[in-house]
Structure formats: structure tokens, C-alpha cells
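**Q** Pasting a structure here, questions to come.
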Amino acid sequence: MQIFGVDIGGSGIKGAPVDLERGDLAQERYKVLTPHPATPDAVADGVREVVDHFGGGCDRVGITFPGVVTGGSTIRTAANVDKSWIDVDARALLGEKLGGLPVTILNDADAAGVAEMQFGAGRGRKGTVLLLTFGTGIGSALFSDGVLVANSELGHLELDGHDAEHRASTKAKEDHDLSWEHWAKRVTKYLAHVEMLFSPELFIIGGGVSRKAHKFLPLIEETGEIKAEIVPAQLQNNAGIVGAAMTASRA
């Protein structure tokens with residue numbers, strides 16, 4: 001069975017067929033820019049373009065969404081895409097756009113977490129594990145003894161009077177031209193707040209910035225403020241694609 005994973009983000013829509021035995025992409029991923037405004041029909045067209053790029057042969061598609069997804073279908077929040085997504089039956093919309101293919105929908109950070117817990121930095125870890133994806137926003141995936149607590153959305157905790165993702169996301173770093181040192185201070189403050197609430201044994205730092213972990217993780221660790229172990233995601237920015245395909249294969 002050929003399973004595709006597609007990861008919808010605030011800036012790009014990327015996907016590929018996935019090798020579920022290895023937990024890796026079966027082909028090089030293909031990416032299109034997220035349309036603006038990122039309305040349901042426009043984003044669904046982008047998903048279709050990504051899937052069509054691989055020339056068919058797909059049996060099932062797992063798709064991530066940057067917001068809360070309830071019942072495996074209904075969109076409840078849309079912080080980094082158009083608000084018209086709220087209350088949309090995403091499984092029905094995307095399934096129709098993809099010609100009736102079976103479609104599975106889940107939160108983007110949850111998908112990344114599922115992949116990291118099976119194949120990456122969280123493999124074999126018990127206790128409380130938190131994966132945090134830093135990108136357009138901050139996504140979170142919370143696990144207790146390997147079991148996902150879906151839709152945690154910890155990027156929207158308040159930090160300095162704002163949503164944390166408006167202060168400590170990669171987008172915030174770029175928008176305010178922050179140095180790695182300044183950004184690391186904001187991330188440290190955010191992690192300390194999350195640690196106070198959940199007392200995780202492990203933080204996994206994901207998203208595209210995980211490729212540059214050497215530039216900021218030492219700055220966080222040297223403060224001594226965070227007691228939990230902090231590691232970069234091993235699947236890096238492909239984790240959402242892999243996790244989406246894993247979830248589709250289990251559906």
C-alpha cells in the first residue's frame with residue numbers, strides 16, 4: 001500500500017510518499033507555497049498539487065493541519081491560516097479534492113510527535129515527553145508513557161502578555177531580526193513556563209529550526225533554568241509528513 005503524507009504549514013505545503021518501515025520519505029518531498037489568503041479551497045488545491053506531483057498510485061493520504069482537529073475531521077482553530085477553516089469538515093473537503101481517496105487529518109505538531117516517538121528522538125522514552133515545533137507558530141505534542149494527548153496547543157500559552165508563539169516562534173525571530181542569543185532567551189523563558197506546568201522528562205525541539213539546533217540549544221542549556229533534557233528532533237522538518245502517513249496507515 002502506498003501511503004502519502006502531506007504537511008500543511010503557514011508558509012508551505014509539503015508532502016511525499018512515505019516508507020513506513022523506515023520512518024522516512026520514500027521520495028524527495030515536493031513543496032508549494034501556502035496561498036494567501038489560506039482559505040479552505042485554496043489550501044486544498046495546494047494539497048492536490050503536491051499529491052498530483054507524484055503521478056498517482058496513492059492508496060491513502062495523511063494530512064496535517066496547523067490547528068485543533070476534532071473527531072479526525074472538524075477544524076476548531078486556525079491561528080496561521082484563514083479563519084474560514086473553522087468548523088470545516090476537512091476530511092470531506094480534502095477527500096473530494098483528491099478524487100475520493102481515503103484521507104486522515106490531524107494536528108501538525110501531533111503528527112510530528114507521533115513520528116518522533118516511533119522513529120526519532122522520543123523512541124522508547126516513557127514518562128512525560130513534549131515535542132515543540134518552532135516555525136510560523138509553536139506547535140506542541142504531549143505524550144504520557146508514549147500515548148498522545150491530542151491538540152495540546154501549548155504555543156498559545158501567554159508569555160509576556162502575548163501568545164507565546166508571537167514571542168518565541170521562528171517567525172517572531174525573523175520578524176524582529178533577533179539574534180540567536182536574544183531568541184534563545186525568549187525560548188528559555190517559554191520552556192521554563194511549560195516545564196512548570198507539565199514537568200516533562202524530555203523536550204524535543206522540532207520544526208525547520210531543528211536543523212540549526214547547535215546555534216541555540218547550548219545557549220538554553222547553559223542557563224541551567226531547564227531541568228528536563230532538551231534534544232533536537234531527529235526527523236527534523238519531515239516529521240509531520242511521516243507522522244501523517246503513519247496515522248493514515250492505522251486508520
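Values quoted throughout were computed directly from the atomic coordinates according to the rules given, and no laboratory measurement underlies them. Everything numeric here is computed off the predicted structure, so don't read it as measured data. Using ideal geometry, Cβ is built from the backbone for each residue, glycine included, and neighbour counts are taken over all protein chains shown.
**Q** If you filter region 1-78 for GluC sites (Glu not before Pro), then keep DSSP loop positions with at most 15 other Cβ within 10 Å, what is left?
**A** Counting only loop positions with at most 15 other Cβ atoms within 10 Å, the GluC sites (Glu not before Pro) in region 1-78 are E21, E28.
**Q** Picking from L131, L25, L106, which is most flexible by a Gaussian network model of the chain using Cα springs under 10 Å?
**A** The residue that fluctuates most here is L25.
**Q** Let me ask something else. Taking region 124-233 on its own, what percent of its Cα-Cα pair distances exceed 26 Å?
**A** 9
**Q** Given all pairs of different Cα atoms, what value in angstroms does the Kirkwood hydrodynamic radius of region 131-182 take?
**A** So the Kirkwood estimate lands at 11.8 Å.
**Q** Give the value in nm², to one decimal: projected area of the alpha carbon convex hull of region 21-165, averaged over all directions.
**A** Orientation-averaged projected area of the Cα hull: 9.6 nm².
**Q** Here's a follow-up. Which whole DSSP H helices in the chain pass both tests: a Cα extent of 15 Å or more along the axis and a mean Kyte-Doolittle value no lower than 1.0? It would help to have the intermediate numbers written out before the result.
**A** Details: long enough: 40-52 (18 Å, -0.01); 108-119 (17 Å, 0.14); 180-198 (26 Å, -0.27); 239-250 (17 Å, 0.92).
Long hydrophobic helices here: none detected.
**Q** For S140, enumerate residues with amide H under 5 Å from its amide H, sequence gap 5+ or separate chain, H modeled in the peptide plane.
**A** A109, T133, E153, L154, G155
**Q** Can you list which of the trypsin sites (Lys or Arg not before Pro) found in region 150-186 are DSSP loop residues with at most 13 other C-beta atoms within 10 Å?
**A** none
**Q** How large is the translational diffusion coefficient of region 102-148 in µm² per second when you combine the Kirkwood radius over alpha carbon pairs with Stokes-Einstein at 20 °C and 1.002 mPa s?
**A** Working: Rh = 10.9 Å.
Diffusion coefficient, whole number: 196 µm²/s.
**Q** Something else: Pick out which of L20, L235, L178 has the largest mean-square fluctuation in a Gaussian network model of the chain, springs linking Cα atoms closer than 10 Å.
**A** Among L20, L235, L178, the largest mean-square fluctuation in the Gaussian network model of the chain belongs to L178.
**Q** Determine which residues of region 132-146 fall in the zone a paramagnetic label at E221 would reach in this model, i.e. backbone nitrogen under 14 Å from the point 7 Å along Cα→Cβ.
**A** Within reach of a label on E221, which here means backbone N under 14 Å from a point 7 Å along Cα→Cβ, region 132-146 contributes nothing.
**Q** A further question on this structure: Check which residues have an amide H placed less than 5 Å from G9's amide H, if you skip close sequence neighbours.
**A** K14
**Q** Using 0.36 nm per residue of separation minus the Cα-Cα distance, give me the extension gain between L197 and H36 in nm, one decimal.
**A** This chain segment gains 54.4 nm when fully extended.
**Q** Considering only DSSP beta bridges with both partners in the chain, what is the antiparallel share in %, to the nearest 5?
**A** 60
**Q** Going by amide H atoms built from the backbone, whose H comes under 5 Å of the H on V68, apart from near neighbours?
**A** Answer set, sorted by chain and number: R76, T77.
**Q** Moving on. More than 13 angstrom separation, counting every C-alpha pair in region 1-52; what % is that?
**A** Summing the P(r) tail past 13 Å for region 1-52 gives 54 percent.
**Q** Hey, another quick one. How big is the equivalent ellipsoid of the chain along its three axes, where each semi-axis is √(5λ) from the Cα gyration tensor, reported in whole Å from largest to smallest?
**A** Numbers: eigenvalues 168, 75, 51 Å².
After diagonalising the Cα gyration tensor, the semi-axes are 29, 19, 16 Å.
**Q** With springs only between Cα atoms under 10 Å, which of A111, A44, A92 fluctuates most in a Gaussian network model of the chain?
**A** Highest fluctuation among the options: A92.
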